[in-house]
Structure formats: C-alpha cells, structure tokens
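K.L.:
Just dropping this structure here.
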Amino acid sequence: MTTNEQADEGITALQVACDTEVSGCVFLMRTEEDDRDRLLEITRDHVREQHGKEYTIDEIEERHVTEVEV
Ligand SMILES: [Zn+2]
C-alpha cells in the first residue's frame with residue numbers, strides 16, 4: 001500500500017493563456033508558483049515575438065496570469 005498523497009498542501013499553479021488577449025492564439029502555459037518569474041519572461045517573449053507587442057512583466061502579471069488549483 002502506497003501513501004504518496006500530498007494532503008492539505010493546497011497547491012496553486014499559475015497559468016497564462018494568450019488567447020485572452022489575442023483571438024486564435026493557442027499559447028497556454030502553466031507552472032508552479034515558484035516559477036512565476038520564468039513564466040512571466042516566457043510569456044513576455046512570446047507576445048513580443050509572435051504578436052509584436054511589448055508588455056512589461058508587471059502588465060503580464062496583472063492582466064494575464066491566473067492562479068489555478070491543481
Ligand atoms: Zn500568443
């Protein structure tokens with residue numbers, strides 16, 4: 001019998017979905033909360049390279065990151 005569960009951790013993940021801003025883009029990324037900086041940087045680079053828009057890290061964090069229970 002294995003007891004490999006993480007009880008009562010209340011794990012939260014961060015998710016960015018580009019299609020909230022740009023219709024038709026399927027970019028979606030989910031990371032652990034510890035990876036917030038990396039998530040924001042990757043999203044910023046994606047928006048710049050794929051859509052030609054400049055967002056700051058703060059803008060992305062405020063407007064596009066959602067916290068999801070996992
Ligand atoms: Zn996109």
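K.L.:
Output the residues belonging to region 28-62 that are of a type in the set (A, V, I, L, M, F, W, C) and closer than 23 Å to residue 11 by Cβ.
P.N.:
Going through region 28-62, the residues of a type in the set (A, V, I, L, M, F, W, C) turn out to be 28-29, 39-40, 42, 47, 57, 60.
Passing the criteria: 28, 29, 39, 40, 42, 60.
K.L.:
Restricting to region 21-47, count the residues that are within 10 Å of the ligand (Cβ to nearest atom), within 20 Å of residue 62 (Cβ to Cβ) and either open to solvent by 80 Å² or more (accessible area, probe 1.4 Å) or at pLDDT 85 or above (or both).
P.N.:
Counting residues in region 21-47 that are within 10 Å of the ligand (Cβ to nearest atom), within 20 Å of residue 62 (Cβ to Cβ) and either open to solvent by 80 Å² or more (accessible area, probe 1.4 Å) or at pLDDT 85 or above (or both) gives 6.
K.L.:
Would you please name the residue that is farthest from the ligand (Cβ to nearest atom), looking only at residues in region 52-70 that are modelled with pLDDT under 90 and either open to solvent by less than 50 Å² (accessible area, probe 1.4 Å) or in a helix (DSSP H, G or I) (or both)?
P.N.:
Here the answer is 63.
The values are calculated or read from the model by the stated rules, or taken from the named source; none is laboratory data. Keep in mind that what you see is a predicted model, and the values were worked out from it rather than measured. Here the Cβ is made from the backbone with ideal geometry for all residues, glycine too, and neighbour counts use every protein chain on show. For the accessible areas, the whole protein counts, side chains as well, though only heavy atoms, and no ligand, DNA or RNA atoms are used. Shrake-Rupley method; radii C 1.70, N 1.55, O 1.52, S 1.80 Å.
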